[in-house]
Ligand SMILES: Nc1ncnc2c1ncn2[C@@H]1O[C@H](COP(=O)(O)OP(=O)(O)OP(=O)(O)O)[C@@H](O)[C@H]1O
């Protein structure tokens, strides 16, 4: 009967690829499979605990959640059983035939882009949790017997991990009363996991993150003995928790296997009562820049897991992995309503305050440790400068920048302001796509000559906060690629005197008129510049409107109907400008036009843009080069 109703299904292509890797894996830390299975069992118990709030009959009189690991040397099986929520037929196909978790998806993406072979793939396994599928590292067949809580149907899922799995109905007398048994038929080379001491060691090592008790049955028919109580780690006093337990908890919570850069654990007892256990990861999570910008905090109410992906912090702190367990939030509401309640909002605010305070404390007491956090998450924290004006001052204190005085990205605003030049009243910055290119921008020349420090802002969010923040310590932020430079009042550094003679003002004025006519559709103005000392020209955004970088970002996202035309600033003391000015009215108009366009396109190139028209640019350059090479040759008599 059962065999007749068995249905075979193919794994999703991605799963097959993953399984193939698992089946052939010689990954040395394959112990992780047990952690993953126990963690799934605990998740299933937590899900049922939550469902039972609204429907207590699902749990009935068996409210003692338990994970039981049974070893059977004779049949060479290791079974992980839980009395949690269980799976329906649909759950089985959905959850165990596709890629359910985003961590596994990220693992595969990385595998496709970076690690084409198995050896490199092996290194990646350790960085991402692979979940259930990791069990195929140690098993050549897996059977899952499961019955969903409240259902009178049970199923058997079975697979050897080679492309297909089958699902068949399972007689109720052979199925768990509720929950799931994952039966691993261990590979010959994985017999070690049937040794009770080995299994016990792994289970104890990974148990600190598991909120459900774990029992071990050393051989079929023997009494289970409890290894752990399953008490939630955050409920214990700090003094009773080891570093390793914290780290283990962090690994399970984040699905990331580095060491946390900062661990915070506190209990709030004021207006609301709640406990927080939070970690700043030691490296960037794969989804840090996902457009959803969702937090992945776990919200518990009186130890019942309400949501595993709650937004417990503002999105600019979304890299913090945390658990909040509240004693005050109501349990008789839906998880959506709980997260819309004023108590939730108030807890969220208080947690954000505390995390920010702790970051500030770290910045003061251990700047080096804080520097590492900033290097990983500074680009996200800076989103707070734009989105959370109330916290701007605190964030300004934390923020570190790359500047012309510090290319390593460690400059604070306080240090910047302490080093202002005489008569300098603004904090200058230049926005762009990467700090190295920015450091070579012609716009910086006049600032360098005066020893004025310029912040080099290369994160996309910079263009936003810097244009909305009023300033720091009473000094406004000013883009050096927008509006007039106003730096004449700041003295030049010694040895940087302006020596080069400028052309007569009438000649210069005629040149500017000609340039404006020639470039009419591409620039809003042509004028003399203070900010150039070596280059002939640069582009500047008009005084009012957006910074050029912000404009580019908005245009890329279709948020700008019409880009504004830049101002072309000319260095009057550059020899090219002087020579051009001398030729206006005398030289061949077409030849002058070529040079004017080349000067303009060169300024665009230095700004990270393309010439207006690549073919025109190439033709002009060729004409000018031909002339430059041909003319002296014509003048030189043949030898
Ligand atoms: N013991 C179990 N009881 C009920 N459902 C389970 C059990 N084991 C696995 N599942 C289901 O299979 C899915 C896939 O499990 P897998 O370990 O691959 O990822 P995951 O547990 O969802 O990942 P994460 O650890 O990120 O939550 C789970 O989301 C769950 O729906």
**Study point:** Among residues of region 59-70, those that are buried (at least 19 other Cβ atoms within 10 Å of the Cβ) and farther than 18 Å from residue 183 by Cβ, counted
**Key:** 2
Exercise for review: Go through the residues of region 467-484 one by one and say whether even a single one is touching a residue at least 40 places away in the same chain (Cβ under 8 Å), under 25 Å from residue 578 (Cα atoms) and out of contact with any strand residue (DSSP E or B) (no Cβ under 6 Å at 6 or more places or on another chain).
Suggested key: yes
**Study point:** region 461-480, subset part of a loop (DSSP other than H, G, I, E, B) and at pLDDT below 90, residue surrounded by the fewest Cβ atoms within 10 Å (Cβ to Cβ)
**Key:** 470
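Please find, among 578, 555, 587, the residue that is modelled with pLDDT under 85 and either touching a strand residue (DSSP E or B) at 6+ places or on another chain (Cβ under 9 Å) or in a helix (DSSP H, G or I) (or both).
555
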Practice item. Could you check how many residues of region 310-337 are touching a strand residue (DSSP E or B) at 6+ places or on another chain (Cβ under 6 Å) and closer than 21 Å to residue 269 by Cβ? Key: 8
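This table checks each residue for (1) surrounded by 14 or more Cβ atoms within 10 Å (Cβ to Cβ); (2) closer than 14 Å to residue 472 by Cα.
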position: 371; (1), (2): yes, no
position: 374; (1), (2): yes, no
position: 379; (1), (2): yes, no
position: 390; (1), (2): no, yes
position: 396; (1), (2): yes, yes
position: 400; (1), (2): yes, yes
position: 404; (1), (2): yes, no
position: 416; (1), (2): yes, yes
position: 429; (1), (2): yes, yes
Exercise for review: State the number of residues belonging to region 189-208 that are at pLDDT below 95 and touching a helix residue (DSSP H, G or I) at 6+ places or on another chain (Cβ under 6 Å).
Suggested key: 3
**Study point:** helices (runs of 4 or more DSSP H) contained in region 1-96 and holding at least 3 residues in the same structural domain as residue 190 (by TED's automatic domain parsing) and within 16 Å of the ligand (Cβ to nearest atom)
**Key:** 13-23, 32-54, 89-95
**Study point:** Number of positions in region 612-622 that are at pLDDT below 95 and either touching a strand residue (DSSP E or B) at 6+ places or on another chain (Cβ under 8 Å) or surrounded by 15 or more Cβ atoms within 10 Å (Cβ to Cβ) (or both)
**Key:** 0
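Restricting to region 501-539, name every residue that is at pLDDT below 85 and surrounded by fewer than 13 Cβ atoms within 10 Å (Cβ to Cβ).
501, 504, 505 - these are the residues of region 501-539 that are at pLDDT below 85 and surrounded by fewer than 13 Cβ atoms within 10 Å (Cβ to Cβ).
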Exercise for review: Would you check which residues across region 113-143 are at pLDDT 70 or above and away from the ligand (no atom under 16 Å from the Cβ) and list them?
Suggested key: 113, 140, 141
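Within region 166-180, is even one residue free of Cβ contacts under 8 Å to residues at least 12 places away in the same chain and either under 22 Å from residue 61 (Cβ atoms) or not assigned by TED's automatic domain parsing to the domain that holds residue 71 (or both)?
Residues of region 166-180 free of Cβ contacts under 8 Å to residues at least 12 places away in the same chain: 173.
Next, from what is left, pick out any that are either under 22 Å from residue 61 (Cβ atoms) or not assigned by TED's automatic domain parsing to the domain that holds residue 71 (or both): 173.
Yes: one or more hits.
One residue is enough: does region 253-267 have a residue meeting the conditions in the same structural domain as residue 305 (by TED's automatic domain parsing), under 27 Å from the mean Cα position of the chain (by Cα), within 30 Å of residue 191 (Cβ to Cβ) and at pLDDT 90 or above?
No: zero hits.
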Practice item. Tell me, yes or no, whether region 323-335 has at least one residue that is touching a residue at least 12 places away in the same chain (Cβ under 8 Å), within 22 Å of residue 259 (Cβ to Cβ) and not in a loop (DSSP other than H, G, I, E, B). Key: yes
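The values are calculated or read from the model by the stated rules, or taken from the named source; none is laboratory data. Here the structure is a predicted model, which is why all the values come from computation and not from measurement. Positions of Cβ are generated from backbone atoms using ideal geometry, with glycine treated the same way; all protein chains shown enter the neighbour counts.
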